[in-house]
Amino acid sequence: MVALRSTDADDPVALRDALARALDGGPALGFGMLGEAPDRVPDGTAVVIATSGSSGIPKRVALSAEALRASAEATAARIGGGRWLLALPAGYVAGLQVIVRSLLAGTHPIALQGRFSPESFAESTLAMLRPSAHASGAIPELYTSLVPAQLSTLLEASADGPVLAALRAYRAILVGGQALPEPLRDRAADLGVRLVRTYGSTETSGGCIYDGTPLDTVAVRTVDGELRIAGPMLADGYLGDGELTAKNFSRDEHGIRWYHTGDLGLVDDGTVRVHGRADNVIVSGGINISLDRVERLVRRVPGLTGAVVVGVPDERWGEASVIVAARGDALRRSEAEQLAHARDIVADELGKHARPARLILVDALDVLLSGKPDREAIRRAVAELH
């Protein structure tokens, strides 16, 4: 057994040193460990991350040093290594992996000062480009990880020269945590910003599928329509919850260990296509509707690229979908026009039965500390309004 030390991840420099010790068999680090936390965890554990994602169900994911290293090494093999900007909370796996990748590259990550903003992003990035910031005087390749909401904020501010220059300075900007809306991806491409769409979870030590292609050490297959992932970066399981571990991890007839993602999708000639959560489905008029698929289509509508689609009870159909978007994102068109556009797109792709029933504009969407939409809070708020 190894000692477990809770940390708040506020100081990236101290965290880098503590994480280096954890990867080398030292005390394991615990993030977000609310309530009773054990003093010791199984040998080999480097990090325990308490996460509920957007579902509201708490989990304590135990990650080994081997898994974290395997993930970072596979990323470097795919996109290269260099210096990383830490723009996400280090207590979440995407932020934590920025530090792990930096350790393996022998570099120190640069953390944003204060809250995330286009100004702080540009200032931190441009500071990394100065030769005086590097001992050798040579400027390494730059990388960072963002969630779509952060990318959207930066693209909206890209008319500011320093912000666009900062975005273009990165060899790769990993974008994950949720689906990347097509308008954002297209806008970035038009501006010469190099994005890499990532798919993964805390249970896979972060992103393990890049632009639809699994990393070299990753295997993906589907079972009854659900995506399952195998590879050396899988978590050991859930601390103190053997039942949930057995439910979400299994071994096949060859002894290979697979993580059950809970996501529907398919593998088409080596390319992984994610359709959405298996449990994020409503039954409307007796027909199953994936809210994730509806949301991806809705986000094609100008002004709704950051929208969230949730399900609510409906007297006629049993359940219906509702679009929730930040009022500040609305463009010149009326709410009715935006809803009509969204309904037409969804009807064309999925059928009339899948059309959202309403569009609700709010001052701001509830988000988790990771930057992802807090879907449970949004769903509760809509249910109260409904």
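Just for the chain, what percent of DSSP beta bridges are antiparallel, to the closest 5?
Values: 45 of 69 bridges.
If we restrict to bridges inside the chain, about 65 percent are antiparallel.
Can you pull out the chymotrypsin sites (Phe, Trp or Tyr not before Pro) in segment 126-221 whose DSSP state is coil and whose Cβ has at most 12 other Cβ atoms within 10 Å?
Details: sites: Tyr143, Tyr170, Tyr199, Tyr210; in loops: Tyr170.
Counting only loop positions with at most 12 other Cβ atoms within 10 Å, none of the chymotrypsin sites (Phe, Trp or Tyr not before Pro) in segment 126-221 qualifies.
Loop by DSSP (not H, G, I, E, B), at most 13 other beta-carbon atoms within 10 Å: where is the longest site-free stretch of the chain for GluC sites (Glu not before Pro)?
Values: sites that count: Glu36, Glu253, Glu315.
Segment 37-252 is the longest.
Place a point 7 Å from Cα of Val13 in the direction of its Cβ. Which residues in segment 80-107 have their backbone N less than 20 Å from it?
Only 83-91, 96, 98-107 fall inside the zone, counting backbone N under 20 Å.
Which value, in debye to the nearest 20, gives the size of the charge dipole of segment 2-268 about its Cα centre, when Lys and Arg are +1 and Asp and Glu are -1 at the Cβ?
480
Within segment 358-386, which residues have the backbone N less than 17 Å from the label spot 7 Å out from Glu315 along Cα→beta-carbon, could you tell me?
Within reach of a label on Glu315: 358, 383-386.
What distance in nm separates the simple spin-label points at Ala159 and Leu369, each placed 7 Å from Cα in the Cβ direction?
In this crude spin-label approximation the distance works out to 3.6 nm.
Please identify the DSSP H helices in the chain that span no less than 24 Å along the helix axis (Cα) and have a mean Kyte-Doolittle hydropathy of 1.0 or more.
Numbers: long enough: none.
Both cut-offs are met by no helix.
Set the Förster radius R0 to 35 Å, insert the Cβ-Cβ distance between Arg21 and Leu385 as r into 1/(1 + (r/R0)^6), and round the FRET efficiency to 0.05. Before the final figure, lay out each step's value.
Numbers: r = 49 Å, r/R0 = 1.40.
The formula returns an efficiency of 0.10 here.
Over the chain, what is the mean sequence separation of C-alpha contacts under 8 Å (at least six apart), divided by residue count, expressed as relative contact order in percent?
Numbers: 765 pairs, mean separation 45.1, N = 386.
Normalised by residue count, the contact order of the chain is 12 percent.
GNM, the chain, Cα, under 10 Å: largest mean-square fluctuation among Trp258, Trp84, Trp317?
Looking only at Trp258, Trp84, Trp317, the biggest GNM fluctuation is shown by Trp317.
Each value in this text was obtained by applying a stated rule to the coordinates, not by laboratory testing. Quick caveat: nothing in here was measured; it's all calculated off a predicted structure. Counting neighbours? That spans all protein chains shown, and the Cβs are built from the backbone with ideal geometry, glycine included.
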